[in-house]
Amino acid sequence: MARLMGIDYGEKRTGIAVTDEMQLIASALTTKPTAELLDFLEGYLLKEKVDTVVVGAPKRMNNQESEVEEKIRKFLDKLKARFPDLKVVRYDERFTSKMAFQSMIDGGVKKKKRRDKALLDQVSATLILQSYMEANP
């Protein structure tokens, strides 16, 4: 079985999470500068088999798209051009940053470490992926 990958796309940084090969548990993988994201994914996808990439869909409370959506679409076009056979799905990511921050507090992460936005991006990607897995067993 292949892994699932979750992506919390950001204008500066992008958090990435993956599952184990049995697709049971989502875990934080890394945070990459968004400018380096496609190159990182190419290297990772050459080494690891990934079945589906779940990309967060940031929506506002009124269900309208956020301002970063246009950049996400451009990224998705480039991703599909490089990996035409890769399944890519979108998943609502509302509240994941707040949930990620709270889970870091609940998990005992020290205040200084919680300021690390790269860690927050990884946890957000993990939450997006875990939520997708729970909604699509």
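Only the coordinates and a few stated rules stand behind these numbers; no lab work does. Note that the structure is a prediction, hence the values are computed from the model and not measured. Heads up, the Cβs are rebuilt from the backbone with ideal geometry, glycines too, and the neighbour counts pull from every protein chain shown.
In this rough spin-label picture, where each label sits 7 Å from Cα along the Cβ direction, the Lys12-Val68 distance is 1.1 nm.
Among Leu45, Leu29, which comes first, then next, by fewest other beta-carbon atoms within 10 Å?
Details: Leu45 16, Leu29 21.
So the residues, fewest neighbours to most, are Leu45, Leu29.
Using 0.36 nm per residue and subtracting the Cα-Cα separation, the extra length available between Ala135 and Asp20 on full extension is 39.6 nm.
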